[in-house]
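Below is one structure, written out as structure tokens, with a few remarks after it.
The values are calculated or read from the model by the stated rules, or taken from the named source; none is laboratory data. What you are looking at is a predicted structure, and each value in this text was computed from that prediction instead of being measured. Cβ placement follows ideal geometry from the backbone for every residue including glycine, while neighbour counts extend to all protein chains displayed. All accessible areas refer to the heavy atoms of the entire protein, side chains included, with ligands and DNA or RNA removed. Shrake-Rupley method; radii C 1.70, N 1.55, O 1.52, S 1.80 Å.
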Amino acid sequence: MSTFPPPPPSAARSPVARVRLDHLVPFDGAFTPAYARAVEAVAASLTRHGAAAVDLPAADAAVVRCALESARAFFCDRSGLYVYRAGRALDDGELSPACMSDAFRCLGKTARAALCAIARNLRLRSDAFSHLLDDNPLPLDEVSASELMVSFSHGHPQSSQAPMVGLRPSMAEVDRGFVTLVASDHPGIEVCNPNGHWYPADVGSSPDVLLLLTGRALSHVTAGLRLNSQYRIINNENRASLMFRLMPRANAILDCSPISAAGHCTPQIHRPISASQFMDDLRAEENVYHHLEAPPESQGNFVNEPSLRSVLSDPLSGAFLEDAMVLPCGHSFGGLMLKKVLELARCSICNGDVDEASLFPNLALRAVATVVKMEDDRRLFHNAALRKRRKEVTEHMDAQRRNGSSKDSIELGLEAESPRAFKGVQYPFVGNKRTPDKFVGKEAVVTSQCLNGWYLVKAVDSGESIRLQYRSLRKAGELQVQALLQSRR
């Protein structure tokens, strides 16, 4: 006997647009009106409602129904979660629900078709993001980055059963991948539209209809033109579901080069980053987010909370607002956005009239933007210097190993490279113009470290001090001044 509920009346239908997969799949040949309508409907629904729906053909719908039935049979009416990845070998004694490989292929094909439609709507090639995905079919002995989550919940809203990991009912979620497809035998997902209103997105749907959501990776590679979908699970009672997440390869580089080539403005906050680093940053952010244990409504706002850098930057060029101007309505703009507002003679936030003669500088905002920019530049310089230092240490260790040195000699060599840790005798270069004659031939002690590689050297006999650069304290062939370097406590 089928466990799928009958379709509800039309009044309870979801507001998201529904398109047929047959109209959405890319094909060879001339552009057809059906494909154009499907692409436009998906893009408009994602923009207005944060989600869309895809109707599966009969063969694919049968596979999804089989996978949902197998999920119920696999968990035996007990709540559970299983993650399937194509290419991964099962461990000894591990069991898997039936139809997983067929469901993975079916949902993967649909997710790739949706990604191609999103790219086409942004005036890109339909395969603009295909190089970021796994090769299809997968090479031998390779595990897919995308995943299929199979879950079944048998809890009751009034029961004391703890929520399962991965389901987290009534909590706002944003997926990390490109797109997410959800199929279930009972409705239970709400989506937040751009206006902040939560609505039931899968009401009126059936296992033949997939709910399409967008993730953080897609928002990054589209430079924010396609925002991520925010959803939450509100029904965990006797519900089986499939959730397919189309993820980028771990070694892929997420950048906005296709968006820039198409003529779109790319803010500087969307910088190229490896997919593995991007996912690690999101996991760290999620760990902090769940550690806060905020209420559901505030959690939903936390996901899209803008950073300080984004607030102080021009949304079009990404440059800091060091030329910020205040409009009569009170809103401030700078850079390319200010030029656009002046061209339209209307504020883009409140739609108020703008008179160029009534503008005046926002000195406070300019000062804050300048300080944040200096901190940002200093942080970048520090990271670059740290990477350079690590590279030098690694090269030194490799050279020691090639010379057949022992571990102890390598450690001594590393200590010798650090002026603060070295406790031996150092000699400056001969003829150093910065070394007065009264210090030549005298024993001195380096007492403290100054900025930019300078050190304070104190003569042992006279007690006089002098500043020398680190290169002047390194060992040279001809010896003139002897300085004993002691570590600073």
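Taking the stated definitions as given, is Ser144 open to solvent by less than 30 Å² (accessible area, probe 1.4 Å) and in a loop (DSSP other than H, G, I, E, B)?
On the way: open to solvent by less than 30 Å² (accessible area, probe 1.4 Å): yes; in a loop (DSSP other than H, G, I, E, B): yes.
Considered against the rule, which asks whether it is open to solvent by less than 30 Å² (accessible area, probe 1.4 Å) and in a loop (DSSP other than H, G, I, E, B), Ser144 comes out as yes.
Quick check, is Glu356 surrounded by fewer than 17 Cβ atoms within 10 Å (Cβ to Cβ) and in contact (Cβ under 8 Å) with a residue 12 or more places away in the chain?
Judged against the criteria, Glu356 is a match.
Can you run down the residue pairs with Cβ atoms below 6 Å, 6 or more apart or on separate chains, where the first is in region 43-55 and open to solvent by 10 Å² or more (accessible area, probe 1.4 Å) and the partner is charged (D, E, K, R)?
Within 6 Å, the pairs are Asp55/Arg18; Asp55/Arg20.
Please work out which residue is nearest to Pro258 (Cα to Cα), limiting yourself to region 215-230 and to residues that are at pLDDT 90 or above and among the aliphatic types (A, V, I, L, M).
Residue satisfying both the conditions and the ranking: Val221.
Yes/no per residue for (1) in contact with a strand residue (DSSP E or B) (Cβ under 7 Å, 6 or more places away or on another chain); (2) surrounded by fewer than 21 Cβ atoms within 10 Å (Cβ to Cβ); (3) at pLDDT below 90:
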residue	(1), (2), (3)
Leu21	yes, yes, no
Val83	yes, yes, no
Leu95	no, yes, yes
Thr110	yes, no, no
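Tally the residues that are buried (at least 19 other Cβ atoms within 10 Å of the Cβ) and at pLDDT below 60, restricting the search to region 156-175.
1
Going by the conditions given, is Val64 open to solvent by 40 Å² or more (accessible area, probe 1.4 Å) and either more than 30 Å from Ala44 (Cα to Cα) or assigned to a helix (DSSP H, G or I) (or both)?
Criteria not met by Val64.
Look at region 208-234 and say how many of its residues are assigned to a loop (DSSP other than H, G, I, E, B) and either surrounded by fewer than 20 Cβ atoms within 10 Å (Cβ to Cβ) or in contact with a Ser or Thr (Cβ under 7 Å, 6 or more places away or on another chain) (or both).
Adding up the residues that qualify gives 10.
Can Asp127 be described as charged (D, E, K, R), at pLDDT below 90 and not in a strand (DSSP E or B)?
Working: charged (D, E, K, R): yes; at pLDDT below 90: no; not in a strand (DSSP E or B): yes.
Taking the combined requirement at face value, the residue does not satisfy it.
Find the residue count for region 175-212, including only residues that are under 18 Å from Pro57 (Cβ atoms) and of a type in the set (S, T, N, Q).
Of the residues in region 175-212, 2 are under 18 Å from Pro57 (Cβ atoms) and of a type in the set (S, T, N, Q).
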